[in-house]
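Only one structure is covered here, and it is reproduced in the block below.
Only the coordinates and a few stated rules stand behind these numbers; no lab work does. For clarity, every value in this text was computed on a predicted model and none was experimentally measured. Cβ placement follows ideal geometry from the backbone for every residue including glycine, while neighbour counts extend to all protein chains displayed.
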Amino acid sequence: MAKIREDDNNIYLNDYTIPKGMDKSDLKARENIIWAMIGKWISKNPLKRRKNINLQDFIYLRFDGMQETVNKAARNYKSTMAISSLDYILENAVKSGTDKPMSKRQSVFAEMIIMYADTKEYLPYFEKVKMLVGITKQKKDAKKIQYSITAIEPV
């Protein structure tokens, strides 16, 4: 379980101080924290992939997906916190459906897989995390690329 402390302005998650605010400086700080978390993950996983139990296939990290994750997760401090569980999310997320690419950035993919990971055991600030995974357009050797990660608030 992650070591978490909190005050009015910040969440202290393991070695990271995640600002809760919405100022430009808070968003930039969260972007930097997410890049640091991803960099730490890549240093432990140089092939930039993790086998997903549900899909029985590898999910890869690629720069465009990392960039989208940073852009989306930095908007909410809870989504920033979710990136600390990247390994767990990649491995344990479960497919809930598929969708066609919905934006110009997603148009490089043939299909988007919608997945959810139950993270409340690790990070009690939210119940689950939504992950979008793009399937590349190559028919013979299509790869699954992690596209974005967002914390889902409890209902």
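Some notes on this structure:
- Here the dipole of the stretch 49-121 is about 240 debye; that uses its Cα centre as origin and unit charges on the Cβ of Lys and Arg (positive) and Asp and Glu (negative).
- Taking 23 Å as the limit for the C-alpha separation, the pairs Lys40/Lys130; Lys51/Lys137; Lys24/Lys104 exceed it in the case of Lys24/Lys104.
- Net charge, Ala73 excluded, C-beta distance under 10 Å - Lys, Arg +1, Asp, Glu -1: +2
- With the simple model of a label 7 Å out from the Cα in the direction of the Cβ, Lys51 to Gln138 spans 2.1 nm.
- Matching label, Kirkwood radius over Cα pairs in Å computed from the structure shown, candidates (1) 15.7; (2) 15.3; (3) 20.2: (1)
- Summing charges over all other residues whose Cβ lies under 11 Å from the Cβ of Lys95, with Lys and Arg as +1 and Asp and Glu as -1, gives 0.
- Sorting 97-104, 50-57, 38-45 by average packing, meaning the other beta carbons within 10 Å per residue, from highest down gives 50-57, 38-45, 97-104.
- This model, with +1 at the C-beta of Lys and Arg and -1 at the C-beta of Asp and Glu, gives the chain a dipole about its Cα centre of some 720 debye.
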